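No value in this document is a laboratory result; all are computed from the given coordinates. The model shown is predicted, which means the values in this text are computed figures rather than measured ones. Backbone-built Cβ (ideal geometry, glycine too); neighbour counts: all protein chains shown.
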Amino acid sequence: MLYAAVAAGSFRRYATYRIATASGVFTNTVFGFIIAYTYTALWTARPHLGGYDLPQALTYAWTGQALLAATGLLTGGGMDELQERIRNGDIAVDLHRPADLQLWWLAADLGRAAFQLIGRGLLPMAVGTLAFPSALPASAVTWLLFLVSVALGVVVGFALRYLVALTSFWLLDGAGVSLVAMLLCMFCSGMVLPLNVFPGAFGEVVRLLPWSSMLQVPADVLLGVHDGTGAALALAFQAGWAAVLLAAGRLLQSVATRKVVVQGG
Amino acid sequence: MAEDGARAGAAVRGFGGVAVRIGEGLRAYGLIVAMWVRSTLAYRTSFLLTALGHFAATGLDFLAILLMFSHITALGGFTLPEVAFLYGTSSAALGLADLALGSMDRLGSRVRDGTMDVLLVRPVPVFAQVAADRFALRRLGRITQAALVLGWSLTRVEVAWTPGKVLLVPLMVLCGAVIFAAVFTVGAAFQFVAQDAAEVQNSFTYGGSTLLQYPPTVFAKDLVRGVTFIVPLAFVNWLPALRLLGRDDPLGLPGWVDFLGPVVAALMCGVAGLAWRTGLRNYRSTGS
């Protein structure tokens, strides 16, 4: 139950900063408005672009703002802390702990995401739904599938950031790699524009990459784009990427820890 | 630059004194910036990657606009070169302000962890220290990208160029940069009180810049009114750009308003100076 305690602690830790949360909600709402207006202009000029009607496109925009903090689409989502520990050597202490490094940070990330989904996601979503036409589903099953999909998206996001953080074992200053990773994430998750608007084969490829699990897939599940088996396939797609990326993280972790030399005594 | 309240009691008085203090502040700012630049260049690969990353990150916004225009020919009645012009001017203005003062949003965490006190005991204007703290050379990436888009748009927009109109473009970017710099400063001053609210200022700086990248016709009139009269971001590029592109202003303001950029920028600096002094005067150390 160690990892549950880590997750709960992480949840409480993020819940402590109420002003930061409030200001985050404010910012997400402001950006939500800006994006919603641009989407309105785009979908008015081209109705049914990418298979969405206008309310669906707007709900997509607000879902993006609601998930932004939780799935760590823009921020490091706490992984910069791990990077810093690798850089300054505190990681040696972590490796001595009777806990698995990856599971420890995964638990912490899940706790963080749970708080940020509630603390930073609900309000912008509510404001967006009140201020603009929306296509939120009425069925409880769809909402439940959406939550599962978000959870899987969080795990995929974590697995990717964990891989990035581990590169600090070799590069020491991980800022550059983190930035490149963040860019890929912003663009390929559908944060910049829904992936079904991306043209041709390029769109096809981007939709198959792991980043789509972090926004495009959960949003499509929420919008009811997939029917019964389609939704199951979407979740399986996310789970598959989560498994592959977590395994890659394990592998890199075992290579990296073999490299660690603890100085002094 | 040297508008810090802590040294208001210094023996210098009058216009000459102010000039000396501004010079002092600028010199300190330059020295601290030079130090951070040297430190940044120590990790050369990382610097190159982050600068490229910033270039690409801001490029993503433009890529989104390009993707939109792969499906449409006009957004809110504006063509791609026109939107690119709005994008370039807004992003360049923000980029300059972000390079000069962008790290000021760390002030809240300095107040929280008590390192703000260290800045107060040094014989250097506090504003210069906070502004230059963690100076991020990588932000040249945003400026470069914005300049490229702006340059491209200038070759494509249909404008009958006159010397006045040519001059209006750099003036817009400069005044815009000053307006954004004032917003950064007010945001930092606000953090003396709020501490954890660094993200609120992102709404007005990065959010504001994103807003200005799109034509005002896309947004609700109330929103346009808000960024004209309350937080006067519309003066960064919307109003002068509408004039330049020969478009009607959705609010129907009188024509001379389009040229108020420098006045608004100066006013904003005044407000920012006041806010900064008030914030600094009300600063209370967290103690330990």
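Applying the selection to the stretch B:213-230, what residues are more than 8 Å from chain A (Cβ to nearest Cβ) and not hydroxyl-bearing (Ser, Thr, Tyr)?
Correct list: B:Gln213, B:Pro215, B:Pro216, B:Lys221, B:Asp222, B:Val224, B:Arg225, B:Gly226, B:Val227, B:Phe229, B:Ile230.
Check the stretch B:82-91 and report whether any residue there is touching a helix residue (DSSP H, G or I) at 6+ places or on another chain (Cβ under 9 Å), more than 9 Å from chain A (Cβ to nearest Cβ) and within 21 Å of A:Ser178 (Cα to Cα).
No, the conditions are met nowhere in the stretch B:82-91.
When the stretch B:128-168 is examined, which residues are found to be β-branched (Val, Ile, Thr) and out of contact with any helix residue (DSSP H, G or I) (no Cβ under 7 Å at 6 or more places or on another chain)?
Just the residues of the stretch B:128-168 that are β-branched (Val, Ile, Thr), to begin with: B:130, B:143-144, B:149, B:155, B:157, B:159, B:162, B:166.
Scanning the stretch B:128-168 gives B:Thr155, B:Thr162, B:Val166.
Of everything in the stretch A:171-205 that's free of Cβ contacts under 8 Å to residues at least 40 places away in the same chain and away from chain B (no Cβ under 11 Å), which residue is surrounded by the fewest Cβ atoms within 10 Å (Cβ to Cβ)?
Among residues in the stretch A:171-205 that are free of Cβ contacts under 8 Å to residues at least 40 places away in the same chain and away from chain B (no Cβ under 11 Å), the one surrounded by the fewest Cβ atoms within 10 Å (Cβ to Cβ) is A:Ala201.
Would you mind finding the one in A:Leu42, A:Leu74 that is within 14 Å of chain B (Cβ to nearest Cβ) and not in a helix (DSSP H, G or I)?
Selected residue: A:Leu74, the only one of A:Leu42, A:Leu74 that is within 14 Å of chain B (Cβ to nearest Cβ) and not in a helix (DSSP H, G or I).
Sort through A:Thr40, A:Thr21 and tell me the only one that's crowded, with 20+ Cβ neighbours inside 10 Å and touching a Gly at 6+ places or on another chain (Cβ under 6 Å).
Answer to the check: A:Thr21.
Could you list, ordered by first residue, the pairs with Cβ atoms under 9 Å in which the first is in the stretch B:56-78 and within 7 Å of chain A (Cβ to nearest Cβ) and the second is assigned to a helix (DSSP H, G or I) and polar (S, T, N, Q), at least 6 apart or interchain?
Cβ pairs passing all conditions: B:Ala56/B:Gln145; B:Ala57/B:Gln145; B:Ala64/A:Thr38; B:Met68/A:Thr38; B:Leu75/A:Thr38; B:Leu75/B:Thr217; B:Gly76/A:Thr38; B:Gly76/B:Thr217.
Within the stretch A:45-57, identify whether any single residue is within 14 Å of chain B (Cβ to nearest Cβ), surrounded by 22 or more Cβ atoms within 10 Å (Cβ to Cβ), touching a helix residue (DSSP H, G or I) at 6+ places or on another chain (Cβ under 7 Å) and more than 30 Å from A:Leu172 (Cα to Cα), and answer yes or no.
Yes, the stretch A:45-57 contains a residue that is within 14 Å of chain B (Cβ to nearest Cβ), surrounded by 22 or more Cβ atoms within 10 Å (Cβ to Cβ), touching a helix residue (DSSP H, G or I) at 6+ places or on another chain (Cβ under 7 Å) and more than 30 Å from A:Leu172 (Cα to Cα).
Can you give me the ranges of the helices (runs of 4 or more DSSP H) entirely in the stretch B:183-271 with at least 2 residues that are over 19 Å from B:Ser153 (Cβ atoms)?
Qualifying helices (runs of 4 or more DSSP H): B:198-204, B:206-212, B:221-225.
Tell me which residues, restricted to the stretch A:9-23, are within 12 Å of chain B (Cβ to nearest Cβ) and polar (S, T, N, Q).
Within the stretch A:9-23, A:Thr16, A:Thr21, A:Ser23 qualify.
Every residue in the stretch B:224-241 that is in contact with a helix residue (DSSP H, G or I) (Cβ under 7 Å, 6 or more places away or on another chain) and more than 23 Å from B:Gly59 (Cα to Cα), please.
Step one: list which residues in the stretch B:224-241 are in contact with a helix residue (DSSP H, G or I) (Cβ under 7 Å, 6 or more places away or on another chain), which gives B:224, B:227-228, B:231-241.
Those that are in contact with a helix residue (DSSP H, G or I) (Cβ under 7 Å, 6 or more places away or on another chain) and more than 23 Å from B:Gly59 (Cα to Cα): B:Val224, B:Val227, B:Thr228, B:Val231, B:Pro232, B:Phe235, B:Leu239, B:Pro240.
Residues that are more than 30 Å from B:Leu66 (Cα to Cα) and touching a residue at least 60 places away in the same chain (Cβ under 8 Å), at least 2 per element: which helices (runs of 4 or more DSSP H) completely within the stretch B:92-171 meet that?
B:107-113, B:116-121, B:126-132
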